Structure formats: structure tokens, C-alpha cells
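*Asks:* Can you read through this structure? Questions will come right after.
The values are calculated or read from the model by the stated rules, or taken from the named source; none is laboratory data. Please read all numbers here as calculations on a predicted model, not as lab measurements. Here the Cβ is made from the backbone with ideal geometry for all residues, glycine too, and neighbour counts use every protein chain on show. Note: accessible area is taken over every heavy atom of the protein model, side chains too, but ligands, DNA and RNA are not part of it. Shrake-Rupley method; radii C 1.70, N 1.55, O 1.52, S 1.80 Å.
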Amino acid sequence: MVPVREIGVALCGAATLLTLVGFSSGASAHNESQAVTMLGAPLTLVQSTTALSPPTLRFHRDGRLHAAWIEKNGVQGEVKAAAIPADHSSVAQVSVNPPGAGPEAVHQSPGFAIGGDGEQFVTWSSANKNSGALFASDLQLARSADRGARFVQSPVQVNDDGVAISHTFEHVVAGKNGEVYVAWLDGRSKDRSGAGIMFACSPDHGATVGKNLVLDGMACPCCRPMLAQAPDGSLWVAWRKTFEGNVRDIVVARSTDQGRTFSPPTVVSRDGWVFDACPHRGPSIAFDGRGRLYIGWYTEGKDEQPRLFISTSDDQGATFSAPVALHNAATSLPDNLHMAVHPDGRVVAVWEEVTGVRKRVVMRVSDDRGQTFGPMQTLSRGSKAEHPTVAIHDSGAVALGWTEHAFPHNRIIVQQGQLSRVVTP
């Protein structure tokens, strides 16, 4: 383990039956398997003529689904959260941010995490209005101690530099003992890339945030990093790193001391994708209950062909399996991959399928710990659906969300369901 550049001082209705029959896709063959998902009717969580961010979905340990998102009308914006019952009744929205600390933009969903005792933590970037600098923002962290019924009206500022630069594209996870971990992209500590990747820990349930740590000065400047905590308590960060020659591949780093130090970044797959701008496509990372690490990502490789892959590691990131290709359609392009993993290794992957006139949200399910995936299933119904997200509860409950656009309305759609009990070892 090597120290980061700075050391922190604290530890920190009627259902539709969808039958997905598995087949090999870039992995070794195994007995044909089946994953069955019961999906209820979609819920329109929000419908508005204002701009909406993609949603973030999280399950409380009691099985209740919660969502967070951003709404913005011109310069006025609001971060919102809501609990969503399984029957979609009584969806009460609450405001997260106080007046004067609204969100800077709606290009990404807010960071959102739920602790084991039901505390909720929401992050967003608010504009730094004092500087006049382009894209200057500060990263805010708000917390709720009553399962999202109310959020404290004095959010904590995560970035500790006081510099009028960008602090954004964050991800947040709640630790097992009241810690809150945040990783984000930052305009400081960058080398020849457009951003550094930063990390901070709150050791006290989000009341305060420790010193910011630099993990890498060569991060892709708009590809959102992602955090995950393994069953053994280790903390992992995945991001798109900028290598020599503008090669932009996915890497991971690991901390075994609650974020005080991190290992050097390890490349997941040497795709060799050269891109002279920022693709706005970060990775997805998760663990199952046996410690298998799952990484999903977008790349165009060396031949500029858009692809989505998932790879796994059983040796703590020392080696990764051959990537499994998710997209197999000849008439569309894939984009914006997100995945979630059940403790027993069932994987749900969602992404966009794009044609010349249409964007659809689709899903594939693996019941054998990411070795193979069933056929693609279309979730959305409109002509322009984007930015899907997914969450899985230990019970096998699954939640899917995305945005839809049908002029003059923007919508956030949420759909809940249940995974089958069938799992291939």
C-alpha cells in the first residue's frame, strides 16, 4: 500500500412476467440457465416541463425504495428525495438543499447513500457564485437521520480547498460504522489531464468531512468515478484514467484502512481507447457476498466501435476475467451502462440502446455471477429514454429508473420487480 498525497486524520399493481433465458456472450459456456424477473407497472415519479436529472435509487435495509434527483428551472434548482412504496402509493417528495445552496446543473444524478441504520446522505454541486469563474462549484453533503423525512438545512461542504474551481461528478457510499465516503473529480491537483480524482471521509455520520485526499492527477475530467465497499470492509474506487497519448481506460484502487491510503491504480482492461475529449462515461463497480468484484464500462477500443463490457475478479483486483460483451444488436449503439449485484451474484445490467431516432432503456440479467447474461429486454416505452439506473435489495427486490422526454414534458420513471431465486454457482 502506498500513501496518497495527503493523509486524513480520521477513519473514516398487475405484474408482467419477463423470462430471460441465459446464453454465452464472450464467456466460457456453461449449462443453459434461466433468470426470471417479475416487474410491476412503471411509476411516473416526476413529470415536469423543467429540466430533470437522472434519478438515483437506493433500498433501505427494510426493503423500502428511496430516490433522489435534481429539478431545475433556469437558474433555480432543487435537490429532491422521496420514499417509494412497492404499491406506488403516497410518494411524498422532500427538498434536500437549503435556499441559496441549490444544484449547479442537472447533467448528472445526485450522489445518494443509505446507512445501515437508515440515515440518508445526498451530495450535489452548488455554484460558487462569488468567483465568477466558469464552472466553479462546491460539493455539498446533506444528511437525514429520519429515513429521508427531513434533511438538515446546513449541508457540509466536502471540498476543503476554498478555490473557485470545479468540484463535481461525485459518488457517495455509507460505511458500516457511520462513515460516509465520497469520491469526485476536482480541478485541483490535476497533472496533464483535465481533472484530479479526490476522496474524503466523514467519520461521524456526515456531520463533518475530513481532509481531501488526491488519488490520481490524471483522471478523465467528466467520467464519474464510483465507490464500493467489499464484504471484508475494504474500500474500492473505479475511474477512467487518462494515460499517455490520451488513452482512456478503466482502473481500480483499493484501501484496507478506511481510506487513509490506497493502492496504486490497476487497469481493468487494456482497451487502448484514444479519445481527445471527455466521453462522460464512467465505470460501474459492485461486489457480491463472496467477495467477487464486478466492473462494468463503456469503451470504443482501438477500432472506435462502441461496446459495453463486464469483467470480474476473484483475487482482489490482481487479475480480471475476459470481458463479457453486453451489447449484441446490429441495429443500435449502446451507451450509459449501470449495473447492480445481489449478494448471491445475480447481476442486473441496464443501459441505453440508441438508433438514429430513438433511445431505449434495456436490461440483461445474469444468474451465474456475471459469466453469461440472458437476452436483452426493453424496459422503456417512449421514443427518448435515457440515463438508466438500477438497485437491488438483499431480498431480491430490484428497482429500475430512467428519464424520458416527450415534449413538453420530462419524466422520471421508476419500475420495481423481483428477481428469481434461481442462481447458478
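*Asks:* Which condition does residue 381 not pass, out of (1) out of contact with any Gly (no Cβ under 8 Å at 6 or more places or on another chain); (2) at pLDDT 95 or above; (3) of a type in the set (D, E, K, R), if it passes all the others?
*Replies:* Checking residue 381 against (1) out of contact with any Gly (no Cβ under 8 Å at 6 or more places or on another chain); (2) at pLDDT 95 or above; (3) of a type in the set (D, E, K, R), the one that fails is (2).
*Asks:* I need every pair where a residue in segment 133-158 that is open to solvent by 20 Å² or more (accessible area, probe 1.4 Å) has its Cβ under 7 Å from the Cβ of a residue that is charged (D, E, K, R), sequence separation at least 6 or different chains.
*Replies:* What qualifies is 143/119; 145/119; 152/143; 157/138.
*Asks:* Tally time: how many residues in segment 348-383 are under 20 Å from the mean Cα position of the chain (by Cα), of a type in the set (Val, Ile, Thr) and within 19 Å of residue 403 (Cα to Cα)?
*Replies:* Total satisfying the criteria: 4.
*Asks:* Which of the residues belonging to segment 243-285 are open to solvent by less than 50 Å² (accessible area, probe 1.4 Å), touching a Leu at 6+ places or on another chain (Cβ under 7 Å) and in a loop (DSSP other than H, G, I, E, B)?
*Replies:* 259
*Asks:* In addition: Which of the residues belonging to segment 302-332 are among the basic types (Lys, Arg) and over 14 Å from residue 268 (Cβ atoms)? Can you show your working first?
*Replies:* If we filter segment 302-332 for residues that are among the basic types (Lys, Arg), which is where we start, we get 302, 307.
Result: 302, single match.
*Asks:* Answer yes or no as to whether residue 347 is surrounded by 23 or more Cβ atoms within 10 Å (Cβ to Cβ), more than 20 Å from residue 410 (Cα to Cα) and either in contact with a strand residue (DSSP E or B) (Cβ under 8 Å, 6 or more places away or on another chain) or aliphatic (A, V, I, L, M) (or both). Give the derivation first.
*Replies:* Values: surrounded by 23 or more Cβ atoms within 10 Å (Cβ to Cβ): yes; more than 20 Å from residue 410 (Cα to Cα): yes; either in contact with a strand residue (DSSP E or B) (Cβ under 8 Å, 6 or more places away or on another chain) or aliphatic (A, V, I, L, M) (or both): yes.
Yes.
*Asks:* Another question, then. Out of curiosity, is residue 413 surrounded by fewer than 24 Cβ atoms within 10 Å (Cβ to Cβ), of a type in the set (A, V, I, L, M) and touching a Gly at 6+ places or on another chain (Cβ under 9 Å)?
*Replies:* On the way: surrounded by fewer than 24 Cβ atoms within 10 Å (Cβ to Cβ): yes; of a type in the set (A, V, I, L, M): yes; touching a Gly at 6+ places or on another chain (Cβ under 9 Å): yes.
Answer is yes for this residue.
*Asks:* Further question on the same structure: Can you find even one residue in segment 183-195 that is more than 25 Å from residue 284 (Cα to Cα), modelled with pLDDT under 95, in a loop (DSSP other than H, G, I, E, B) and not basic (Lys, Arg)?
*Replies:* no
*Asks:* Listed residues 380, 366, 395; which is surrounded by fewer than 22 Cβ atoms within 10 Å (Cβ to Cβ) and not β-branched (Val, Ile, Thr)? Lay out the reasoning, then the answer.
*Replies:* On the way: 380 fails: surrounded by fewer than 22 Cβ atoms within 10 Å (Cβ to Cβ); 366 fails: surrounded by fewer than 22 Cβ atoms within 10 Å (Cβ to Cβ).
It is 395.
*Asks:* Just wondering, is there one or more residues in segment 83-99 that are under 22 Å from the mean Cα position of the chain (by Cα), in a loop (DSSP other than H, G, I, E, B) and at pLDDT 90 or above?
*Replies:* Taking every residue of segment 83-99 in turn, at least one turns out to be under 22 Å from the mean Cα position of the chain (by Cα), in a loop (DSSP other than H, G, I, E, B) and at pLDDT 90 or above.
*Asks:* Quick test for you: out of 318, 325, pick the one residue that is open to solvent by 10 Å² or more (accessible area, probe 1.4 Å), modelled with pLDDT of 95 or more, within 20 Å of residue 231 (Cα to Cα) and not charged (D, E, K, R).
*Replies:* Numbers: 325 fails: within 20 Å of residue 231 (Cα to Cα).
When all the criteria are applied, what remains is 318.
*Asks:* Go through segment 253-277 and report how many residues are out of contact with any Pro (no Cβ under 7 Å at 6 or more places or on another chain), under 19 Å from residue 200 (Cβ atoms) and β-branched (Val, Ile, Thr). Lay out the reasoning, then the answer.
*Replies:* Within segment 253-277, the subset out of contact with any Pro (no Cβ under 7 Å at 6 or more places or on another chain) is 254-260, 262-268, 270-277.
Next cut, under 19 Å from residue 200 (Cβ atoms) only: 254-260, 262-263, 265.
Pick out the ones that are also β-branched (Val, Ile, Thr) and you get 256.
The total comes to 1.
*Asks:* Of everything in segment 293-323, what is under 18 Å from the mean Cα position of the chain (by Cα) and either of a type outside the set (Phe, Trp, Tyr) or in a loop (DSSP other than H, G, I, E, B) (or both)? Give them in sequence order. It would help to see each step written out before you state the result.
*Replies:* The initial filter retains those residues of segment 293-323 that are under 18 Å from the mean Cα position of the chain (by Cα), namely 293-299, 308-312.
Result: 293, 295, 296, 299, 308, 310, 311, 312.
*Asks:* Here's another thing I want to ask about it. If a residue must be assigned to a loop (DSSP other than H, G, I, E, B) and open to solvent by less than 30 Å² (accessible area, probe 1.4 Å), how many such residues does segment 218-232 contain? Spell out the reasoning first.
*Replies:* Keep residues of segment 218-232 that are assigned to a loop (DSSP other than H, G, I, E, B), which gives 220-225, 230-232.
From the residues that got through so far, the ones that are open to solvent by less than 30 Å² (accessible area, probe 1.4 Å) too are 220, 222-223, 225, 230.
The qualifying residues number 5.
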